[in-house]
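Each value in this text was obtained by applying a stated rule to the coordinates, not by laboratory testing. Keep in mind it's a predicted model, so treat the numbers as computed, not measured. Quick reminder, even Gly has a Cβ in these numbers, built from the backbone with ideal geometry, and neighbours come from all protein chains shown.
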Amino acid sequence: MSHYKIIFTGPVGAGKSTAIASLSDVPPVTTDEQASDMTKELKPTTTVAMDYGVMKLEGDECIHLYGTPGQERFNFMWDILSEGGLGLVLLLDNTRTDPFLDLHFFMNSFKDFIGRTKIVIGITRMDIASQPRIEDYHAQLQKINFNVPVFSVDARQRDDVSVMVQALLYSLDPGLGG
Ligand SMILES: Nc1nc2c(ncn2[C@@H]2O[C@H](COP(=O)(O)OP(=O)(O)OP(=O)(O)O)[C@@H](O)[C@H]2O)c(=O)[nH]1
Ligand SMILES: [Mg+2]
């Protein structure tokens, strides 16, 4: 039996907990607590430690899905959760004030991890804000010499999340994407 671990990260409200819940084949573990400060204007709860879910593949293989808290004050969890991870899903909320700032912030925060693994990026809430466009994210990534797949995803839609994760798995091991 093979086990693989991938990490979901990104800013508050990008949809990490939602995406893991959409994808998981078992009831997800969440550590959401009532939000305080600015976060509660966005949504009632926020992840304080981690999310966890499992995606079953064909045969005995499964992918362990770990989500980080978005809030920077819990960033000590980012390294802990990344340990042993094979790939990263970076979710960005297109309605945030400056999604490119978020992009660069997370690419920099996870640069060591990204250096050793593979990454895919999912842009959420494009139904609410259609700008910036996917090609604008590609242009930003080119500036920092990254060629990363970028998907438009609604974290509530299992199929959207699944396509993005399959692309990541395929880039890790063409036998896995299925
Ligand atoms: N309209 C719209 N809503 C979305 C989309 N993707 C996710 N959401 C909603 O956005 C919210 C995301 O919340 P969470 O999943 O808690 O976000 P998170 O990234 O885990 O946030 P933290 O744990 O606080 O860092 C949920 O209410 C989702 O239903 C999308 O593409 N469009
Ligand atoms: Mg969360």
**Item:** Equivalent ellipsoid dimensions for the stretch 62-132 as semi-axes, Å, which come from the Cα gyration tensor, largest first
**Value:** 22, 14, 12
**Fill in**
Rounded to the nearest 0.05, FRET efficiency between SER36 and ASN75 (Cβ-Cβ, R0 22 Å) equals 0.85
**Prompt:** Highest GNM mean-square fluctuation, the chain, Cα pairs closer than 10 Å: which of SER109, SER22, SER36?
**Reply:** SER36
**Message:** Loop only by DSSP, 14 or fewer other Cβ within 10 Å of the Cβ. Give me the trypsin sites (Lys or Arg not before Pro) in the stretch 69-145 that pass, ordered by residue number.
**Reply:** ARG133
**Asked** With Rg and the Kirkwood Rh both taken from Cα atoms, where does Rg over Rh land for the stretch 87-178?
**Response** 0.95
**Message:** Within the chain, count lysine pairs with alpha carbon atoms under 24 angstrom apart where the residues are 8 or more positions apart or belong to different chains.
**Reply:** 12
**Prompt:** With a ≥ b ≥ c the root eigenvalues of the C-alpha gyration tensor of the stretch 35-90, is it rounded (a/c under 1.5), prolate (a/b larger than b/c) or oblate?
**Reply:** prolate
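For the stretch 5-105, which GluC sites (Glu not before Pro) pass both filters: DSSP loop (anything but H, G, I, E, B) and at most 14 other C-beta atoms within 10 Å?
GLU58, GLU83
Looking at the chain, what % of the alpha carbon pairs are farther apart than 27 Å? Let's see the in-between values first.
Numbers: 3015 of 15753 pairs.
Value for the chain (Cα pairs over 27 Å): 19 percent.
Of all DSSP beta bridges located in the stretch 1-109, what percent are antiparallel, nearest 5?
So the antiparallel bridges amount to about 50 percent of the total.
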